[in-house]
Amino acid sequence: MSETGKPISRIDGRLKVTGKATYAAEFNQPNMAYAFPVRATIAKGLIVSIDDAAAKKEPGVLSVISYKNAFRLKPMDMQAQMKAGAAFLGENLLPLQENKVHYLGQFIAVVVAETYEQARTAAYKLKIRYTEEKAATDLKSELPKAKKPKMFMGEEAQVNEGKTAAPLAASAHQVNHSYSTPVEHHHPMEPHATVAVWDSTDKLTLYDATQGVGMTSAIAAYFLGLQSENVRVVAPYVGGGFGSKGLWLHTLLVAIAAKAVGRPVKLALTRQMMQTNVGHRAATIQHVALGADTAGKLGAVRHHTDTYNNLTTFFEPSGKQSLVLYQAPVREVTYNVTTLNRGTPTFMRAPGETPGTFALESAMDEMAYELKMDPVEFRIANHTAKDPMKGHDFSSDSLVDCYRIGAERFGWSARSMEPGQQRKGKYLIGYGMATATYPGGRSAASVKVTMTANGEVTVRTASIDIGTGTYTVLAQTVADALGVPVDRIDVKIGDSSLPAAPLAGGSQTTASIHPAAMEACVLLRKELAALAIADPSSKLNGRRLDEISYADGKLVITGEEKKSDAYADIMKRAKRTEMEACATTQPVSGPGMTVPSALCTPRETPPEQNSDIKQYAFHSFGAQFAEVWVDQDFGTIRVKRFTSVQDVGRIMNEKTARSQIIGGVIFGIGAALMEATEYDKRWGNPVTRTLADYHVPVNLDVPPIDVHFIGKPDPHISPIGARGIGEIGITGVSAAIANAVFNATGKRLRDLPLTPDKLV
Amino acid sequence: MRPFKYSNAADPAAAITAISVNADAKFLGGGTNLLDLMKEDVMHPSELVNITRLKYADIEKTSNGILIGGTATNAFTANHERVRKQYPLLTMAILAGASAQIRNMATNAGNLNQRTRCSYFYDVNMPCNKRTPGSGCGALKGLNRNHAIFGWSEKCVAVYPSDMAVALAALDAVVHVEAGNQEKRTIAFADFHRLPGSTPQIDNNLKHGELITSIELPENDFAAHSYYLKVRERSSYAFALVSVAAAMSLDGSRIRDIRIALGGVAHKPWRATAAEKLLVGKEATMANFKVAAAAELKNARPLEHNKYKVKMAGDAIVRALSNAMNGVGYGMNAGLEAGV
């Protein structure tokens, strides 16, 4: 392995910085029209009438479409959708099929016009009348109506309900507090956009800003009544997703619009629509109780979450990490979920762990103070090497190393246990830390590798690069598996017509596509070797397959360097201009996040990729350390430096991996200090409407971030040894910062974000 | 965005005439606020007259101060040598606002004319007396964490967002305007912006068709003791929760003259006259600063979610005065790095 792990720059970086990478909204078509959606201005009720007379008189308007005249989509049917791989609609709602309004901002009509501004101007002129019903807009007041969901994504949702009451009561030390987290929005840099092109009445192409081309194709096909192979979804570059780029209504809306006007149509969401129509992280109120004995051993962990959802079975699973971290004989994780008339909550970077680690890891800090133990030592004393629920060993166990190395790199020993002891001028200085964790997963994926007699290699899979480095690390893996330079490898992804791969979510892309890529290269080399062995003019003629290795674009007899045959020569003599092989990664269980129909059938059964997969629990772990400066008068908080030590298995590219962790930490700084979408409960509208109101960190908010990887390959998750890395970076960050604020000021803040008004 | 007529004004008279004959027409400066408002249908002028090519883009010395051009950009103004030397308070205030890209586009006249950032104003489906007189104030009983603690009315609790204008208020600027027939007049800065009263839709006392040609800054001896302090939710590119422009001249440790203005607390830059009165002629001490700040904040009327601003504004006055007294210099990090 020579390329894997190297910190090479993104192979698509130059295209991106020179504006040549084509994003969804840039796939302009001849004769293209523009759609502008119209949003409901009430949170709940019925549309009584839509007066489009004035809108239709606007110049350039081609069509005004609403529930009255929209193409009828196939109705929702979860069983049938699951069979078709079409279950994962962002919200369980179809556009323009009925006059019901479920939340403020819901798309209720669309105007199609010759230009974007014409469509938008006409959209302003629609007159819509409603009968309004009383909407549920406030979490706290709706909690009495909350239900206890039985399941979450196929797992038990309520674990050991009531079982911690007695052990907690009997504990020598108890911590029992409520922590709350606000609504957050993903706000990727690239707003969602789709260009729909009907190639014929039963064939559709969608250029879509999506995290999953296969998923989008399956869902769009299902509801439009098409064959999924006839819905091609193209997304070569995606400007961030963070969980928000599943299939939302605008993608179906633009297909409907394009069908109605018989022309290609583009629809791009505004920043305001991104607050109501493409998901968010729901607010949570979490109640965490810990019990410990006098020696600092945890006896019980209880984590209850109050939250809400709407038009989905998903809810923010903020108890997840409390089933995984620390040795404690009893743990109870429960949820109460109510319904609000608000756009649908969805997956957002480390769903569950991001708000969940804030609560659990704040509580752990509170318990450490209660016990007068160093927070790092307290965590080490309660470390578990086994999944506490399943009893399986974790596939790698380096969390204690993360704590120790992190403490050393950060200079944790300089911390004073007593809060408020360090200051410089008006600034109170504090240190805090927290544990990071996120599950490791693997879904089914197929990768096809093609080689030409000119030595050009093409790798194809329907994966996505949402900015993470998928192109680059895939090229590195194939470069090593074939012994060819990275610059001879063309990576083609982001197209549903390619062999199936999971959507880019759940930190699974690398673990899913790389085993298949490697396997495809093995198959390709075997076929080349077979040709050479059978060819009398090859130096490899008549040798055994197991004698043959490879390097520098050649097959070589191991130990006899001069006995080699270049791939190109083998192919030319065999009169082959192109050879290809396709292989499939087996999922951990089920197809995972992949639409299975488009997996390629391997030409030979691959060897068992890892037979022991059922014997391990797969999780990544890390330790986060923060130094904060708090202005004693104004309550403004600056993170002055940050250390993140992560065990995520093998590092495929030191540079893109580091960027993922840095990005996660910055996202976490945002969650800790400033990100929150606020709603006016009288109307249910988001009041933080723009990126001037919804604050994310600016450069000056981002301190030097020290990232260190343990880097040990995880031999159990796959032969590649890499677990995902996209999400773990954000986990634990807000707790580390809040814990540092406590260390600085002696004030325990349990309500994110930590804006100055809460400290003044 | 609704269709509109667009023209480039050849000279000031043509610009003023074009606007004067159309009650729906607006001057267009950098467009950093107006165009956003038009995209969201909050404002829909039928005509825009681009004035950025007029000859008001310079900074000139006068017999008793300087004249800053109305169409000069914020960036040009902040970085102008004369401004940096003689009116560092203005430089600090401008650089505390927006982003480098916006300051490169935004003009000085446009800065004075920018609208509030109250989100109820921007959301055309929400009540807002400033946008739609008579529709009610969404923020009064709504989410008003960022709203006014001084001078608001039941009709409007919005704050005026500019940083630059807070410094101009402290520096006793005078706004020079020109109307049709080459009529000229001046407006003292304190009289330029308005409190909301019963007409929050009117932000300032500029009449339709009047063009801001320049802003005059009288000479002063505050340069060595000026400080603009801005408290915000992130380190840059955020509107002020509270800001303070403080400038003083000292005779030894005695305050000869002093100016204090607050931003983020009212519908206009809030000149802290009560605090100023208490401090003129007094010793520049932290104790005196605290007494003055308390006197100014005594009349604050916070709303449901912005009570924190009262304490924050008092502390900000004290900190800004202290930094001005100590001659703490430029830069958003100046205070942090100096540990003060």
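The values are calculated or read from the model by the stated rules, or taken from the named source; none is laboratory data. All values reported here derive from a predicted model rather than from experimental measurement. Note: ideal-geometry Cβ built from the backbone for every residue, glycine included; neighbour counts use all protein chains shown.
Considering A:V457, A:V400, A:V449, the condition of being free of Cβ contacts under 8 Å to residues at least 60 places away in the same chain, aliphatic (A, V, I, L, M) and outside the structural domain of A:T745 (by TED's automatic domain parsing) is satisfied by A:V457 alone. Note on segment A:638-662: among residues that are in a helix (DSSP H, G or I) and not polar (S, T, N, Q), the one that is farthest from the other protein chains (Cβ to nearest Cβ) is A:E654.
Matching residues to (1) under 27 Å from A:F394 (Cβ atoms); (2) within 14 Å of chain B (Cβ to nearest Cβ); (3) modelled with pLDDT under 95:
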residue	(1), (2), (3)
A:G664	yes, no, no
A:G668	yes, no, no
A:V698	no, yes, no
A:H708	yes, no, no
A:S718	yes, no, yes
A:E727	yes, no, no
A:V760	no, yes, yes
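Go through segment B:194-233 and give me each residue that's within 17 Å of B:A93 (Cβ to Cβ) and of a type in the set (S, T, N, Q). B:N220, B:S226 - these are the residues of segment B:194-233 that are within 17 Å of B:A93 (Cβ to Cβ) and of a type in the set (S, T, N, Q). Just to be sure before I move on: is B:E40 away from chain A (no Cβ under 14 Å) and of a type outside the set (V, I, T) in the structure I sent? When the stated conditions are applied, B:E40 does not pass them. Exactly one residue out of B:V231, B:V159 is of a type in the set (A, V, I, L, M, F, W, C), buried (at least 24 other Cβ atoms within 10 Å of the Cβ) and in contact with a strand residue (DSSP E or B) (Cβ under 6 Å, 6 or more places away or on another chain), and it is B:V231. Of the residues making up segment B:107-120, those that are crowded, with 24+ Cβ neighbours inside 10 Å and within 14 Å of chain A (Cβ to nearest Cβ) number 4.
Quick check: is even one residue across segment A:462-473 touching a residue at least 24 places away in the same chain (Cβ under 8 Å), over 21 Å from the mean Cα position of the chain (by Cα) and in the same structural domain as A:A574 (by TED's automatic domain parsing)? Checking segment A:462-473: not a single residue is touching a residue at least 24 places away in the same chain (Cβ under 8 Å), over 21 Å from the mean Cα position of the chain (by Cα) and in the same structural domain as A:A574 (by TED's automatic domain parsing). Annotation: of all residues in segment B:319-340 being at pLDDT 90 or above and more than 8 Å from every other protein chain (Cβ to nearest Cβ), the one that is surrounded by the most Cβ atoms within 10 Å (Cβ to Cβ) is B:L321. When you look at A:F347, is it assigned to a loop (DSSP other than H, G, I, E, B), touching a Pro at 6+ places or on another chain (Cβ under 9 Å) and modelled with pLDDT of 95 or more, yes or no? It is false that A:F347 is assigned to a loop (DSSP other than H, G, I, E, B), touching a Pro at 6+ places or on another chain (Cβ under 9 Å) and modelled with pLDDT of 95 or more.
Got a number for residues in segment A:124-143 being more than 33 Å from the chain's Cα centre (by Cα) and either aliphatic (A, V, I, L, M) or surrounded by fewer than 16 Cβ atoms within 10 Å (Cβ to Cβ) (or both)? Within segment A:124-143, residues that are more than 33 Å from the chain's Cα centre (by Cα) and either aliphatic (A, V, I, L, M) or surrounded by fewer than 16 Cβ atoms within 10 Å (Cβ to Cβ) (or both) number 8.
Return the pair list, or none, for Cβ contacts closer than 9 Å from residues in segment A:650-665 that are in contact (Cβ under 8 Å) with a residue 40 or more places away in the chain to residues that are among the aromatic types (F, W, Y) and surrounded by fewer than 24 Cβ atoms within 10 Å (Cβ to Cβ), at least 6 apart or on different chains. Taking only residues 6 or more apart or on different chains, the pairs are A:I651/A:F709; A:E654/A:F709; A:A657/A:F709; A:R658/A:F709; A:I661/A:F709. Within the set B:A100, B:A75, B:A96, B:A57, the sole residue that is farther than 30 Å from B:D24 by Cβ, more than 14 Å from chain A (Cβ to nearest Cβ) and of a type in the set (G, A, S) turns out to be B:A75. Scanning segment B:10-23 for residues being assigned to a loop (DSSP other than H, G, I, E, B), modelled with pLDDT of 95 or more and farther than 10 Å from B:H208 by Cβ gives a total of 1.
Within segment A:1-12, the set of residues being exposed (fewer than 15 other Cβ atoms within 10 Å of the Cβ) and at pLDDT 95 or above comprises A:P7, A:S9.
Filtering segment A:153-195 to residues that are in contact with a helix residue (DSSP H, G or I) (Cβ under 6 Å, 6 or more places away or on another chain) and among the hydroxyl-bearing types (S, T, Y) leaves A:Y179, A:T181, A:T194. Looking at A:A258, A:A235, A:A292, just one residue is more than 25 Å from A:L503 (Cα to Cα), buried (at least 24 other Cβ atoms within 10 Å of the Cβ) and either of a type in the set (F, W, Y) or not assigned by TED's automatic domain parsing to the domain that holds A:R750 (or both), and that residue is A:A258. Only residues that are polar (S, T, N, Q) and surrounded by fewer than 24 Cβ atoms within 10 Å (Cβ to Cβ) were counted across segment A:438-462, and they come to 4.
Looking across A:V38, A:V17, one residue alone is closer than 30 Å to A:H102 by Cβ and assigned by TED's automatic domain parsing to the domain that holds A:W198. It is A:V38.
Counted as qualifying within segment B:137-241 are the strands (runs of 3 or more DSSP E) with 3 or more residues that are at pLDDT 95 or above, not assigned by TED's automatic domain parsing to the domain that holds B:D315 and not small (G, A, S), namely B:174-178, B:184-188, B:211-218.
Among the residues in segment A:492-500, are any over 15 Å from A:P236 (Cα atoms) and basic (K, R)? No: zero hits.
Condition check ((1) in the same structural domain as A:T305 (by TED's automatic domain parsing); (2) modelled with pLDDT of 95 or more; (3) in contact with a His (Cβ under 9 Å, 6 or more places away or on another chain); (4) surrounded by fewer than 20 Cβ atoms within 10 Å (Cβ to Cβ)) across all residues:
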site	(1), (2), (3), (4)
A:T22	no, yes, no, yes
A:K56	no, yes, no, yes
A:L73	no, yes, no, yes
A:M76	no, yes, no, yes
A:Q81	no, yes, no, yes
A:L96	no, yes, no, no
A:N99	no, yes, no, yes
A:F107	no, yes, yes, no
A:A113	no, yes, no, no
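Please identify the pairs in which a residue from segment B:268-288 that is in contact (Cβ under 8 Å) with a residue 12 or more places away in the chain and among the polar types (S, T, N, Q) has its Cβ atom under 9 Å from the Cβ atom of a residue that is in a loop (DSSP other than H, G, I, E, B) and buried (at least 20 other Cβ atoms within 10 Å of the Cβ), counting only partners at least 6 apart or on another chain. Filtered contacts from segment B:268-288: no entries. The lone criterion from (1) hydroxyl-bearing (S, T, Y); (2) in a helix (DSSP H, G or I); (3) under 26 Å from A:T354 (Cβ atoms) left unmet by A:T468 is number (2). Residue count for segment A:32-55 satisfying the condition of being farther than 28 Å from A:G225 by Cβ and either of a type in the set (A, V, I, L, M, F, W, C) or in a helix (DSSP H, G or I) (or both): 6.
Is it the case, given these coordinates, that B:T91 is part of a loop (DSSP other than H, G, I, E, B), buried (at least 20 other Cβ atoms within 10 Å of the Cβ) and away from chain A (no Cβ under 14 Å)? No.
Kindly indicate whether any position in segment A:672-693 is away from every other protein chain (no Cβ under 14 Å) and either surrounded by fewer than 19 Cβ atoms within 10 Å (Cβ to Cβ) or at pLDDT 95 or above (or both). No: zero hits.
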